Amino acid sequence: MLELKGLTIRQDDFSLQADAQFGAGFTTLIGPSGGGKSTLLDTIAGFITPSAGQVFWNGENITGLAPAKRPVSILFQDNNLFPHLTITANLALALTMKRPTEQQRSVIDRALREVGLDGMGNRKPAELSGGQQGRAALARVLLQDRPLMLLDEPFAALGPALRAEMLALVARLAGQKGIAVIMVSHAPEDALRVAEETSVVADGRVTVPQPTASLFDDPPDSLRAYLGT
C-alpha cells in the first residue's frame, strides 16, 4: 500500500497537497492539465523532493530514498526506448548494464511473449508501430520487477481502440504479477474501463481514491468542472 502523509509539493507558484492511501489494484489520477498529476507521480518515484510530508510503501518511509532504491517503476509518455538499440537491448537495461547472460535473455524473451512481441527482439524501435513500441516499453517496466507501477499517460498518442487494448494488457499483466498501478489519465472512459479506484487531482489537492464507478456517478465539484457537467 502507498500512503502519502501530509505531502506538500511546491514549485514556484504551484502547490499540491495530498493525504491519501492507494491500495493494491489499479488506480487512476484524473483532473485538469497542469493540476499536478505528473508532478505527483514524479514525487512518488523520487524525482521531486516534497516540501513537506512523507511517502510510505507498506509502512516503510521511502521519502529519502533515491529513485533507483524505491519499489517503483514508471512508464512515461514517450516510452523512453533508445532508438539505436534493439528491443532486446532496450529491455536488457532493466536487468543489467552489461551484456545480458543467456538466462537473462530467456527472461527477456518471456517478457516479449507476454506483451505480444514474440520474435521481435532484434528489431529497433523505428521498425515497430506505436502500439508495439508501447508493448516493448511495458515489457521493460515489468522486467524491473517493482511492486508499484506508475503510468504517465504512456498510451495517450494511440487511437481509442489500441489504447483500450494496451490498458487491458497492463491491467491483466499487473494483476497476474500482483503489481499495484497508478495511472495519470485525461479520459474518463479509460478510468471506468480499468480502474478499481480513481483520485481527482485539482485545485491544489489530491482526493482520497474512491471506487471509480461511484465517483463518476456522483462526482465532486472539482470533477464536475473538469468533465463540464
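The values are calculated or read from the model by the stated rules, or taken from the named source; none is laboratory data. Keep in mind it's a predicted model, so treat the numbers as computed, not measured. With ideal geometry, Cβ positions are generated from the backbone for all residues, glycine too; neighbour counts draw on all protein chains shown. All accessible areas refer to the heavy atoms of the entire protein, side chains included, with ligands and DNA or RNA removed. Shrake-Rupley method; radii C 1.70, N 1.55, O 1.52, S 1.80 Å.
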Backbone N under 13 Å from the Leu65 label point (7 Å along Cα→Cβ), restricted to region 23-51: 44-47
Roughly speaking, what % of Cα-Cα pairs in the chain are separated by over 23 Å, rounded to a whole number? 48
Taking each full run of DSSP H in the chain as one helix, which ones are at least 24 Å long along their axis (Cα atoms) and have mean Kyte-Doolittle hydropathy of at least -0.5? 160-177
Rg [Å, one decimal], Dmax [Å, integer] - region 123-229, C-alpha atoms: 15.1, 48
Put +1 on the Cβ of each Lys and Arg and -1 on the Cβ of each Asp and Glu in region 1-149; which of Gln17, Gly134, Asn122 then has its Cα farthest toward the positive end of the dipole? Asn122
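Give me the percent relative contact order of the chain, please, defined on Cα pairs under 8 angstrom at least 6 residues apart.
For the chain, the relative contact order is 29 percent.
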Using a Gaussian network for the chain with springs between C-alpha atoms less than 10 Å apart, which of these wobbles most: Ala156, Ala137, Ala18? Ala156
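Full-extension gain between Met1 and Gln144, please, as 0.36 nm times their residue separation minus the C-alpha to C-alpha distance.
49.6 nm
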Suppose a student asked you for the relative contact order of region 44-174, using Cα pairs under 8 Å spaced at least 6 residues apart; what percent would you report? 30
Filtering trypsin sites (Lys or Arg not before Pro) in region 26-134 by DSSP loop and by at most 16 other Cβ atoms within 10 Å leaves Lys98, Arg123
Springs between alpha-carbon atoms under 10 Å, Gaussian network over the chain: tell me which of Ser129, Ser73, Ser15 tops the mean-square fluctuations. Ser129
Carbon plus sulfur, as percent of the 1.4 Å-probe accessible area of region 113-229, comes to 47
Spelling it out for Ala157: with amide H atoms placed in the peptide plane at 1.01 Å from N, the residues 5 or more places away or on another chain with amide H under 5 Å from its amide H are none
For region 113-229, averaging the sequence separation of alpha carbon pairs under 8 Å that lie six or more residues apart and dividing by its residue count, the contact order in percent is 18
Any lysines whose Cα falls less than 28 Å from that of Lys124, other than same-chain ones fewer than 8 residues away, would be Lys98, Lys177
Phi angles of region 90-101, converted by Karplus (6.51 cos²θ - 1.76 cosθ + 1.60, θ = phi - 60°) into ³J(HN,Hα) in whole Hz with x for Gly and Pro, give 4, 5, 4, 5, 6, 10, 7, 9, 10, 5, x, 6
